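The values are calculated or read from the model by the stated rules, or taken from the named source; none is laboratory data. Only a predicted model underlies this, so the values are computations on that prediction, with no experimental measurement involved. Note: ideal-geometry Cβ built from the backbone for every residue, glycine included; neighbour counts use all protein chains shown. With ligands, DNA and RNA removed, areas are computed over all heavy atoms of the protein, side chains included. Shrake-Rupley method; radii C 1.70, N 1.55, O 1.52, S 1.80 Å.
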Amino acid sequence: MRARRARHRPSLKKLSSRERSMVLKLIFIASVSQTSLINEKDPVVIVISTTGTGEPPDTAIKFVKEINDKTLPQDYFSHLRYGLLGLGDSEYTFFCNGGKIVDRRLQELGAQRFCEMGQADDAVGLELVVEPWIANLWVALNQEFASKKEDTNHNEKSASVCTCTVSNSCIASKIEHLKIEDSEGKTNILSKSNVYSELSTRVSQPSLSQSVPPLSQSTLNVPSLPPEFLELTFQESSDQDPGPPCVSETSVFQVPVIKAVQLTTDEAIKKTLLLELDISKTTFSYQPGDAFNVICPNYASEVDELLNILGLLEKKDFFVCLKVKAGTKKRGATLPQHVPEKSTVKFILTWCLEIRAVVKKAFLRSLIEYTIDVGEKRRLQELCSKQGSSDYNSFIRDAGVCLLDLLYAFPSCKPPLSLLIEHLPKLQARPYSVASSNLFQPGKVTFIFNVTEFASHVGQLRRGVCTGWLANLVAPMLQSSTKDDGFFNPKISISSRPTNNFHLPDNPSIPFIMVGPGSGIAPFIGFLQHRQTLRENHKDWIFGETWLFFGCRHKARDYLFEDELRLFVENGTLTHLNVCFSRDTPAMVQTATPKYVQDNLRLFSEEINRILLQDKGYFYVCGDAKNMAKDVNDALVDILTAEKGVDKLDALNILATLREEKRYLQDIWA
């Protein structure tokens, strides 16, 4: 983004004349090359997210590849001054690694930072780092320009800003704060508003709908109002159901569920289901280790609640006609691509919008304008203010409060449907790892999942959007004792996901280690089915050893695929099976028996070191990113430290090399 003095002027009252002379032009990093920066004399600001297992997002791949050219001299970017903000999630092992990769390489090529690198963490709230980083950015830019000799022939001061994010509406919405100007020509940095509470402070503890001093008596810095940009009208429609939406980027296949099995007992803490789909009449294809999307709707009961609260029950079957408001001050305003033309109100809330999404501050700010009660209005102002950041994190972000929760807590808030379409993200398809092999069972694909259950803010028991929907869909199949009970096989819509590297080694003689506790075992069942079929079809091939580390709470309740794993061991497909049960031994009883997969890994440190470093084997991890994946990574560091006699930093470098060689692979989720 390059600044031009004359055209757009930030209107922060406290900005110096130098700051007011800076205007910025946004450039997506996909259109930037290393050659375009070779002559860049102005400071550059880079905003980049992290995707996958620590990689830069797809839009940055070309740029990263170019700057990683080993033929570039060490002083290639010695003229370049830059600032960098990384966006990441500390629940994943390689936090902000996309930003770190670019930052490290730019410095290797001689570039210098003019401000400290920011590392914003989605796990605790991006704004905690983003907002102060932006404030410091202005100071740093001010100093940067002041240090340069004034060029009398050049009346402009400019700065280039490259942004790079994954195509994810959640992350994209969070970097809206980085836009230097909003559509009204005012800055997006919080402006002071003299809003005082007229409510009593009798409550002793804050909650979603109530605050206590000092916040309830504070002057608030409230964000500027996001400009509305959609004009909505209703048109009476027929009762025709449009059906599930199409996914534009890939082909969508509607396939029948031909098998449903509950893998856990009713006493298990988590219910795990297995579904088998018939893909024989489609062109859908996959490899073991792939994942695919399931296109799911929002819960019908929650959609009906929203319709009722918003006064739209009588219009639920009306067509919605959208157009961009004439004269809107929102830059680049366009119609949302995820809302098809001729969609009904109910269809939009069911298939298009993520109504369970955590309410963002910008949405809160807009909801204030549609709230009548003075006390409720004040509390919403607090929650979206700078002073109320702690309350926002505690009562909205950490609590997972969605729009429906908010409307229950603030009953005088009645937003129009157009505001929901503007602020709620697209309802995303849910990805699931394949738990089968196309060689082992042609024309079929299997996947497993835990039926997620949790209490909502108002105490209602909720299930996961997709897992709960799937569980309800196949409930008759689970209750059926025979295949011919007269029920119709339900169909679901699926689509392929982009290819990944979580695949078996091309050479079957290479050994590999699999770590998959709980439902993380899914892709490894596909691996082993595939390996078994190859062994049966190619008796003359040499096959490397295979290790599986599996863990669950109770052997009798949630030992997934116990019979299948035993057969894999008996026929030689799986050479080493190591299982642990974390809850079978009471917590107060001291025992040497390993409780978790990382404990079992440490018991086989010599073998793991040999497989990874001597035999050039592969190491796969699938499952929870928040705890398990980190603990497994720590165990590997300990193993390498002990077996190689190196320090922790050297062990981490060895793991980094394994990742670069695509021999340390993760399929993890938060």
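Some values worked out for this structure:
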| read-out | value |
| --- | --- |
| Subset of segment 285-298 (residues that are crowded, with 19+ Cβ neighbours inside 10 Å and assigned to a loop (DSSP other than H, G, I, E, B)) | P288, G289, D290, C296, N298 |
| Count of segment 449-478 residues which are over 18 Å from A268 (Cα atoms), in a helix (DSSP H, G or I) and without any contact (Cβ under 8 Å) to a residue 60 or more places away in the chain | 2 |
| Residue check, L12 modelled with pLDDT under 80 and part of a loop (DSSP other than H, G, I, E, B) | yes |
| Meets criteria (open to solvent by less than 30 Å² (accessible area, probe 1.4 Å) and either β-branched (V, I, T) or modelled with pLDDT of 90 or more (or both)) for V212 | yes |
| Residue in segment 259-275 that is surrounded by the fewest Cβ atoms within 10 Å (Cβ to Cβ), counting only those that are in contact (Cβ under 8 Å) with a residue 60 or more places away in the chain and out of contact with any strand residue (DSSP E or B) (no Cβ under 8 Å at 6 or more places or on another chain) | E267 |
| Which listed residue, of T575, T546, T593, T533, is among the β-branched types (V, I, T) and either closer than 22 Å to A268 by Cα or at pLDDT below 95 (or both) | T593 |
| Residue match in segment 364-372 (condition: closer than 25 Å to R462 by Cβ, in contact with a helix residue (DSSP H, G or I) (Cβ under 9 Å, 6 or more places away or on another chain) and open to solvent by 70 Å² or more (accessible area, probe 1.4 Å)) | no |
| Evaluation of P442 against (1) over 21 Å from the mean Cα position of the chain (by Cα); (2) modelled with pLDDT under 95; (3) open to solvent by 70 Å² or more (accessible area, probe 1.4 Å) (one fails), failing number | (2) |
| Odd one out for A111 among (1) at pLDDT 90 or above; (2) open to solvent by less than 10 Å² (accessible area, probe 1.4 Å); (3) in contact with a Gly (Cβ under 9 Å, 6 or more places away or on another chain) | (3) |
| Among residues of segment 539-591, those that are farther than 15 Å from F524 by Cβ and under 33 Å from the mean Cα position of the chain (by Cα), counted | 9 |
| Set V294, V261, V303, V255: member being modelled with pLDDT of 95 or more and under 22 Å from the mean Cα position of the chain (by Cα) | V294 |
| Some residue of segment 624-635 being at pLDDT 95 or above, more than 23 Å from A291 (Cβ to Cβ), in contact with a Leu (Cβ under 7 Å, 6 or more places away or on another chain) and open to solvent by less than 40 Å² (accessible area, probe 1.4 Å) | yes |
| Options D615, D647, D638: the member that is free of Cβ contacts under 8 Å to residues at least 24 places away in the same chain and surrounded by fewer than 18 Cβ atoms within 10 Å (Cβ to Cβ) | D647 |
| Whichever residue in segment 59-103 is among the charged types (D, E, K, R) and closer than 21 Å to S31 by Cα and, among such residues, is modelled with the lowest pLDDT | K62 |
| Qualifying residue in segment 86-103 (condition: surrounded by fewer than 17 Cβ atoms within 10 Å (Cβ to Cβ) and out of contact with any Asp or Glu (no Cβ under 7 Å at 6 or more places or on another chain)) | no |
| Answer residue from segment 651-670, given it is open to solvent by 70 Å² or more (accessible area, probe 1.4 Å) and without any contact (Cβ under 8 Å) to a residue 12 or more places away in the chain and is farthest from the chain's Cα centre (by Cα) among those | N653 |
| Any hit, segment 321-328, residues being in contact with a Lys or Arg (Cβ under 7 Å, 6 or more places away or on another chain) and touching a residue at least 24 places away in the same chain (Cβ under 8 Å) | no |
| Total residues in segment 549-582, condition aliphatic (A, V, I, L, M), crowded, with 21+ Cβ neighbours inside 10 Å and in contact (Cβ under 8 Å) with a residue 60 or more places away in the chain | 1 |
| Single residue of segment 64-113 satisfying the filter (outside any loop (DSSP other than H, G, I, E, B) and without any contact (Cβ under 8 Å) to a residue 12 or more places away in the chain) that is nearest to T51 (Cα to Cα) | K65 |
| Hits in segment 320-364 - residues which are assigned to a helix (DSSP H, G or I) and more than 24 Å from the chain's Cα centre (by Cα) | V345, K346, F347 |
| Residues located in segment 373-400, provided they are closer than 14 Å to S216 by Cβ, among the hydrophobic types (A, V, I, L, M, F, W, C) and surrounded by fewer than 16 Cβ atoms within 10 Å (Cβ to Cβ) | V374 |
| Some residue of segment 503-513 being on the phi > 0 side of the Ramachandran plot and in a loop (DSSP other than H, G, I, E, B) | no |
| Helices (runs of 4 or more DSSP H) within segment 521-609 that include 2 or more residues among the aliphatic types (A, V, I, L, M) | 522-537, 562-570, 597-603 |
| Pair list, Cβ < 8 Å and 6+ apart or interchain, from segment 298-313 residues that are touching a residue at least 40 places away in the same chain (Cβ under 8 Å) and of a type in the set (S, T, N, Q) to residues that are part of a helix (DSSP H, G or I) and open to solvent by less than 30 Å² (accessible area, probe 1.4 Å) | N298/L349; N298/T350; N298/V465 |
